[in-house]
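Each remark here refers to the structure printed beneath this line.
The values are calculated or read from the model by the stated rules, or taken from the named source; none is laboratory data. Given the structure is predicted, the values throughout are model-derived calculations rather than measurements. Here the Cβ positions follow ideal geometry from the backbone for every residue, glycine too, while neighbour counts run over all protein chains shown.
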């Protein structure tokens, strides 16, 4: 589904990514793990078009998407849930979800200037909304609350919900567990599995390597902008190098 | 000061304030979406007023279509300004972008001066010139048009921002352009819309105020300055805050004239308005910085 | 150490070069027979008072063509170099310097406003070149001892105010309210209005101001409405005066409005619409030239000027401000006509100054001038007429 | 037990309703390397920000060398001898590498506007000392050859070293390092731990917040563990590694 | 700039520039530009202050003309009405303006970014109104301000004043250059780089902001006094809010973070306005606006900085070519 070929990203003279290549197949959960600053977020930013590539290419199915700005990749079915969630804090929960459907709206230009209720009654938007409420009933209760006033976990749900509103075929998740209580982390991870089961392809960036590898099909380990190890989740879980890098060698 | 006079000060202040608010709205919209202070905002107001006169008197177009056409032309000029001057300047810092808008303002003013000459012009009133008595004060029909238009514009703007997708997208873009991009909103398209919209609102302001003040090619700077102050009092936040800012400014200026300040004369009214602005800013900064540090 | 060595070597070099500079090598320009007489002008062609400056430039352009078509001045073609001040003092000073040093003009006319005129007095005086100002303030030419090189053509504020006050006195008005702008014109007028009121038995019961480019004067007028003023005197330019007239109509003030000579153009009537009716102001006789008796000495000059100007620039475009430039340039031309051939530029400047000072009974647009070493305005009294706007037309209140 | 250079007593910080730090008592021994660890959002950076005075504490107090720090503004604390680095480095991008470090000498020099404007002899003298010291610190972190480059042109690892050198240039008694190892490769991490040891040998107490366990375990003589704003454990590296609560909170519940 | 021009050419370049500056006012050279050069010198002084404030410290001020004005007015009033020696009144004006900036500096620098811009603009408007209302002569301004003189040597011609102004201007530039390269200059740039980091290494951010604000006010005041004593007439129109905007334009065109760029900025604007565009008649401000936009769009880092870059590239290429056998 997604192919990244020799992608490099530079911030000024600093290299964020160095010739990274990876593949995500249909219906897989692929996780990218690595220490802070290893280039995981740069990779997701590059795929979604937030930062431009210096060299290399990125393909979604058979379409080259490198060079497209993020607002275009969303329209092609890439939902991005960035680190720190990036929800619209001063807007209401329902507005955040509505905005999630903007790419749907942009496909049909007329509806952008029309009455928003009319737009929301479109069948795809309606069914997406139902899906989101099905996954996160709490959001239905919080519909009119300011998004910024939600708790961390609820904000994460909203961020995922917002991405689902664009009817994505693939989700890019950046550290969904960041700052969440352990029980919530578990819940989110379960949800990711559930989304995969419903047909979505998922690329997950996590620091909590063990947890991520538990649910993933395959994984890549990044170090200093490069992919250093790749393999199935099982292989990686058993790989001493991974355990060393994450858990410290003296951990039992 | 008698009660009648007081009402008159309020009425006059509201009229002036509505003008400042209409101009301030343009500053707020562009600032919210792009973080640019658009020094050419006053020029859009001037364009609206001058265009309406020349369309009516020179081109002989009837009033209503002429007004609409003036606003549309102003909006188009705003869009052109964004495309050619702002979007081209990719590497520019915010200060540089502000200088670009100053350049654009001088350019527009210059073209207007060359094209229309230096004389001031006054388009006809929309309806009648007989003023209306109101609670012991008088109000000109055109002033009612000004106040009414401001209300309609701010209500429409509010509805637009709250009940259409593109309006909400503008808001989203104002909160975070990066996050807006991630849900499929094109921040540049939003900036274009913001410029066109601000220019249109500026044009509307020019169109409604020109019959009561007469307009010349030089008027943009002072009008822009007052609109900028109105937007600052409102905190560049929302259309409604800006309108409140504009009305506050108008009433402060009007009362500064009306109240006998002892040694002060009406000559200091603008200075008093600026003092109010400084006080508001400094008081608010105390609160803001406390909030910033806490979050 | 080496650094300091190099610096000192450099300094020696510089000093040596400077000492080689041939000082004062400039050759004084001489005006030969048939050479163009160059006159400079600085007007506000853009900026807030450009509606005064533009008719001045138009008038000058028109006159230069007329004079050159008629063979110039004693065979010398006339050239007027006009620079725009943008209403900016510093630019005005720079342009004046440019006229003096680069363009090498014999005399300068303008600037348009009192503020800019006062600003360049020092520049002009130290350069020894005559200036004929087109601005109102009497301060421009007094004290005459310090204003050796300076003349002016428009009626002063004081004369205009005398006309208004005399009229008010005859109309048995005793309480007046002032509303003036905060520009130089308005403030100068306000000072005289306040100082002179008592001489005519008038009491100033309210004194309001506004800024140029203000959008409404209603608050000030409402304040005036709270007093027992019987008339409002407004001292400002046409645009703002029109707003005052309109706002007085809106507030149903019901007392007459008297304005300055600053509204002596059609733009005021257009801007104020029917609120202009009943407004009374003093102005040069140009506006009511049709009503002038045939024996008025200015009648022919005024008729000719209006006819020429409107033929070139369109019906209803003439204003008294163009007239100020007409008078200024005419006086310079009279002085130029008396120049000897083959004199140096600085001698020419002195001669033109002397020539202007010796002008007697020149009939101009603004009035009739007789200059003298003690009077650099030299306008005979009675140059102003009180005018009322009736049905959108200027009517002479004889 | 030797004296504490830094103590916090019941230190708390709340942002709006969110409690970021909850009654934390700390005693940092002088001359030692202390590590503060904990999962994301545990309050480590908040603790640094309170100690350096970026924001005021909601409750409790901070003692530096026995003196309470209440109401002391950040720049005074730096002058007193508390220096720090930032998670996101925050170098001065408008300066060269050397200038960045020279700026660090700010609290150790005196001359002001007049001295600078007129290049008084005193300014000259101080400026010489400043550049000498700056070169010293630059060489200490091994960046001597990059002195005239723009600070942001360095790779991340060297930027982090530069940030440490800048902090050292303030001649602190206490150095707070916020995730110095993040984004560094093995070799760089090795250099970093050598550097931190050398700093300690110069008599400077070091507190570091770090995610990289091998680095922490190899360096720290005392480890404090924070979780959700509370101190849940402290001890030597060996003790911490055995603590079940720490393993649960920090390393993930599912660790066998 | 001087530091960048290392090598054998340095002294020749400096000598040539100085010689050029010295020769400008001579009639046979570029004498006709003397007065423009005087204005360039004055505006450079004001602009340098803004460069220190905006370019180095990152704090915007849209009210520099206010200090330019107070400097001119205080000095004019003292010397003309109170009969104080003009040099002394210049000094008092600078001190008073500095004190004024200091007093308003602390409340105003609690604001950041655009709010700071608005507040300083408001300050400029207030001072402008006060000058019009309270300044002797009102909006028409005051005349008869005495010239500066040393002993019996009166600065009464453009030729003499040119050297006086440029002496002050170069002194201000040198002083600023020294400050920029000092402990203080580093502190200022640190504040621009990151206020948090600056505080963490012991820099008193608020105090430095106010101090540099005061310095920029003193520069502007000196320029204003010089203007007053040589035009002999000043009026509030020279110190209005629009002038503050022009000063910002000069600073940006020159290149904000560059002391010597201030000359370029002031020169570009003055030469455009007072010389190059004169021939275009009423089209002049159209072209001025266009040039302003184009320069900022294509050289947002400033004309001077861009030219310096190009010069650097050219030298590099030259050096490389020279290195080849």
One residue is enough: does the range A:138-145 have a residue meeting the conditions under 30 Å from residue A:210 (Cα atoms) and away from chain B (no Cβ under 14 Å)? yes
Complete set of residues in the range C:151-203 that are within 14 Å of another protein chain (Cβ to nearest Cβ), more than 21 Å from residue C:319 (Cβ to Cβ) and part of a loop (DSSP other than H, G, I, E, B): C:182
What helices (runs of 4 or more DSSP H) completely inside the range E:145-241 contain at least 1 residues that are closer than 29 Å to residue E:81 by Cα, touching a helix residue (DSSP H, G or I) at 6+ places or on another chain (Cβ under 9 Å) and modelled with pLDDT of 90 or more? E:158-180, E:205-231
Which residue out of D:215, D:174, D:184, D:168 is in contact with a helix residue (DSSP H, G or I) (Cβ under 8 Å, 6 or more places away or on another chain) and modelled with pLDDT of 90 or more? D:168
Take residue C:308 and decide whether it is in contact (Cβ under 8 Å) with a residue 12 or more places away in the chain, surrounded by fewer than 19 Cβ atoms within 10 Å (Cβ to Cβ), in a helix (DSSP H, G or I) and not assigned by TED's automatic domain parsing to the domain that holds residue C:54. no
From the list A:53, A:44, A:68, exactly one residue is surrounded by 21 or more Cβ atoms within 10 Å (Cβ to Cβ) and within 30 Å of residue B:33 (Cβ to Cβ). Which is it? A:44
Are there helices (runs of 4 or more DSSP H) fully within the range E:258-325 with at least 3 residues that are closer than 28 Å to residue C:99 by Cα? List them. E:261-274, E:284-298
With respect to the numbered conditions (1) in contact with a strand residue (DSSP E or B) (Cβ under 6 Å, 6 or more places away or on another chain); (2) within 30 Å of residue D:142 (Cα to Cα); (3) not in a helix (DSSP H, G or I), which one is the sole condition not fulfilled by residue D:91? (1)
Output the residues belonging to the range D:83-117 that are without any contact (Cβ under 8 Å) to a residue 60 or more places away in the chain, surrounded by fewer than 21 Cβ atoms within 10 Å (Cβ to Cβ) and more than 7 Å from chain E (Cβ to nearest Cβ). D:88, D:96, D:110, D:114
Considering the range C:270-313 alone, what residues qualify as being within 14 Å of chain B (Cβ to nearest Cβ) and either touching a strand residue (DSSP E or B) at 6+ places or on another chain (Cβ under 6 Å) or farther than 26 Å from residue C:236 by Cα (or both)? C:276, C:277
I'm trying to understand the selection: among the residues of the range E:1-25, which are at pLDDT 80 or above and either closer than 30 Å to residue D:149 by Cα or within 8 Å of chain C (Cβ to nearest Cβ) (or both)? E:17, E:18, E:19, E:22, E:23
Restricting to the range B:158-181, name every residue that is buried (at least 22 other Cβ atoms within 10 Å of the Cβ) and under 16 Å from the mean Cα position of the chain (by Cα). none
Single residue of the range E:269-294 satisfying the filter (buried (at least 22 other Cβ atoms within 10 Å of the Cβ) and closer than 30 Å to residue E:178 by Cβ) that is nearest to the other protein chains (Cβ to nearest Cβ): E:270
Search the range B:277-288 for residues being without any contact (Cβ under 8 Å) to a residue 40 or more places away in the chain and at the interface with chain E (Cβ under 9 Å from one of its Cβ atoms), and hand back the single one that is farthest from residue E:107 (Cα to Cα). B:288
Any chance residue D:208 is under 25 Å from residue D:190 (Cα atoms) and either in contact with a helix residue (DSSP H, G or I) (Cβ under 9 Å, 6 or more places away or on another chain) or buried (at least 23 other Cβ atoms within 10 Å of the Cβ) (or both): yes
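Among the residues of the range C:87-109, is there at least one that is under 24 Å from residue C:190 (Cβ atoms), without any contact (Cβ under 8 Å) to a residue 60 or more places away in the chain and part of a loop (DSSP other than H, G, I, E, B)? Quick ask: steps written out before the conclusion?
Just the residues of the range C:87-109 that are under 24 Å from residue C:190 (Cβ atoms), to begin with: C:87-89, C:92.
Add one more test, that the residue is without any contact (Cβ under 8 Å) to a residue 60 or more places away in the chain, and what stays is C:87-89, C:92.
In the following step, the residues that additionally are part of a loop (DSSP other than H, G, I, E, B) were identified as C:87-88.
Within the range C:87-109 (the criterion being under 24 Å from residue C:190 (Cβ atoms), without any contact (Cβ under 8 Å) to a residue 60 or more places away in the chain and part of a loop (DSSP other than H, G, I, E, B)), the answer is yes, since at least one residue qualifies.
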Out of the residues in the range E:113-122 meeting the condition of being surrounded by fewer than 23 Cβ atoms within 10 Å (Cβ to Cβ) and in contact with a helix residue (DSSP H, G or I) (Cβ under 8 Å, 6 or more places away or on another chain), tell me which one is farthest from the other protein chains (Cβ to nearest Cβ). E:116
Residue selected from the range A:146-181 under the condition within 19 Å of the chain's Cα centre (by Cα) and without any contact (Cβ under 8 Å) to a residue 60 or more places away in the chain, by the criterion nearest to the other protein chains (Cβ to nearest Cβ): A:179
Provide a single number: the residues in the range E:194-225 that are crowded, with 21+ Cβ neighbours inside 10 Å, under 20 Å from residue D:160 (Cα atoms) and at the interface with another protein chain (Cβ under 7 Å from one of its Cβ atoms). 5
Identify the residue in the range B:35-93 that is surrounded by fewer than 20 Cβ atoms within 10 Å (Cβ to Cβ) and in contact with a strand residue (DSSP E or B) (Cβ under 9 Å, 6 or more places away or on another chain) and, among all such residues, is farthest from residue E:252 (Cα to Cα). B:57
Among strands (runs of 3 or more DSSP E) entirely inside the range A:14-87, those with 3 or more residues being closer than 26 Å to residue B:188 by Cβ and in contact with a strand residue (DSSP E or B) (Cβ under 9 Å, 6 or more places away or on another chain) are A:55-60, A:78-81
Please pick out the residue among B:117, B:184, B:136 that is buried (at least 21 other Cβ atoms within 10 Å of the Cβ), on the phi > 0 side of the Ramachandran plot and modelled with pLDDT under 90. B:184
So the strands (runs of 3 or more DSSP E) completely within the range A:144-244 holding 1 or more residues that are within 23 Å of residue A:103 (Cβ to Cβ) are A:170-174, A:201-206
